[in-house]
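To start, the structure itself, in structure tokens.
The values are calculated or read from the model by the stated rules, or taken from the named source; none is laboratory data. Everything numeric in this text was worked out from a predicted model, so none of it was measured. Glycine gets a Cβ as well: all are built from the backbone with ideal geometry, and neighbour counts include every protein chain shown.
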Amino acid sequence: MARVALVSGASSGLGRSLALELAGRGWDVAIGARRVDDLSTVAAEVETRGVRAFAQRLELRSEASIEEFVSGAAETLGPIQLLINNAGVAIPGALAEQSVEELRTVLETNLVGPLLLTRAVVQSWTEPDEPRTIVFVSSSQATDTTPHLLPYGASKRAVEYVADGLRSELRDRQARVLTVRLGAVETPFRSDFDVERAQAMVKFWREAGMASPNRGSDRMPPETVAAAVADCLGKPFSPFVELLDLRN
């Protein structure tokens with residue numbers, strides 16, 4: 001029986017690349033995202049690799065959506081051995097100019113959502129303990145403070161804290177917890193940025209003498225990142241591998 005992986009934010013970008021890379025290595029893949037049409041396309045691509053796909057709309061700001069997604073994936077594909085918390089969002093702008101809704105969007109999507117998704121997956125582990133892995137996709141901004149993206153960086157730093165604590169909580173269950181800390185990846189992640197705010201952000205960095213974390217053509221291809229993550233997951237099981245740090 002094929003192993004089962006669950007990937008959030010899988011309709012495009014890194015999530016899509018992760019789903020396809022895992023499928024190419026024999027994993028059945030459950031994929032979730034808000035953009036259902038794009039998700040269906042990715043599911044079809046997964047199945048061309050000769051494995052099964054489960055695709056369903058996933059809204060990380062909705063507990064009901066998370067519960068339905070995890071239960072549907074487990075019922076369709078079987079017990080989940082791998083969770084990749086990939087979905088995330090950033091909204092540029094100085095803290096004082098961000099609305100309460102914008103702050104909640106970032107923190108709920110990047111922190112509360114992965115917490116709820118991880119909880120649901122762990123609660124689904126009803127079979128005898130076996131090697132399982134939970135991955136949290138983080139960012140270099142968890143450690144490199146970036147003005148005008150403070151809520152995003154704060155959410156990623158908090159996610160790494162959660163990963164560290166969860167690693168201890170799940171050690172007796174043969175569960176590995178891996179943090180993947182990334183530099184800039186070539187994805188549509190920034191396509192929804194407000195142009196004026198994004199320009200003001202870059203202007204601030206330049207005036208402050210800060211190096212931009214977004215280094216143009218130096219961004220990492222998502223396929224390369226996905227392959228590196230899959231390579232790490234393919235290593236012999238070890239709870240002592242805690243961080244995969246990929247920088248452009």
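Within region 52-70, being farther than 24 Å from residue 233 by Cβ and part of a helix (DSSP H, G or I) holds for 63, 64, 65, 67, 68. As for region 131-143, it holds at least one residue that is free of Cβ contacts under 8 Å to residues at least 40 places away in the same chain and under 19 Å from residue 189 (Cβ atoms). Look at region 41-52: where a residue is closer than 13 Å to residue 30 by Cβ and a partner is among the hydrophobic types (A, V, I, L, M, F, W, C) and surrounded by fewer than 18 Cβ atoms within 10 Å (Cβ to Cβ), sitting 6+ places away or on another chain with Cβ atoms under 9 Å, you get 51/2; 52/2.
Among residues of region 5-20 being outside any loop (DSSP other than H, G, I, E, B) and surrounded by fewer than 24 Cβ atoms within 10 Å (Cβ to Cβ), the one that is modelled with the lowest pLDDT is 13. Of all residues in region 196-248, exactly one satisfies the criterion of being at pLDDT below 90, aliphatic (A, V, I, L, M) and closer than 30 Å to residue 170 by Cβ, namely 241. Scanning region 126-146 for residues being surrounded by 15 or more Cβ atoms within 10 Å (Cβ to Cβ) and either in contact with a Phe, Trp or Tyr (Cβ under 6 Å, 6 or more places away or on another chain) or assigned to a loop (DSSP other than H, G, I, E, B) (or both) gives a total of 2. Identify all residues within region 170-209 that are in a strand (DSSP E or B) and either more than 16 Å from residue 229 (Cα to Cα) or not basic (Lys, Arg) (or both); write none if there are none. Correct list: 175, 177, 178, 179, 180, 182, 185.
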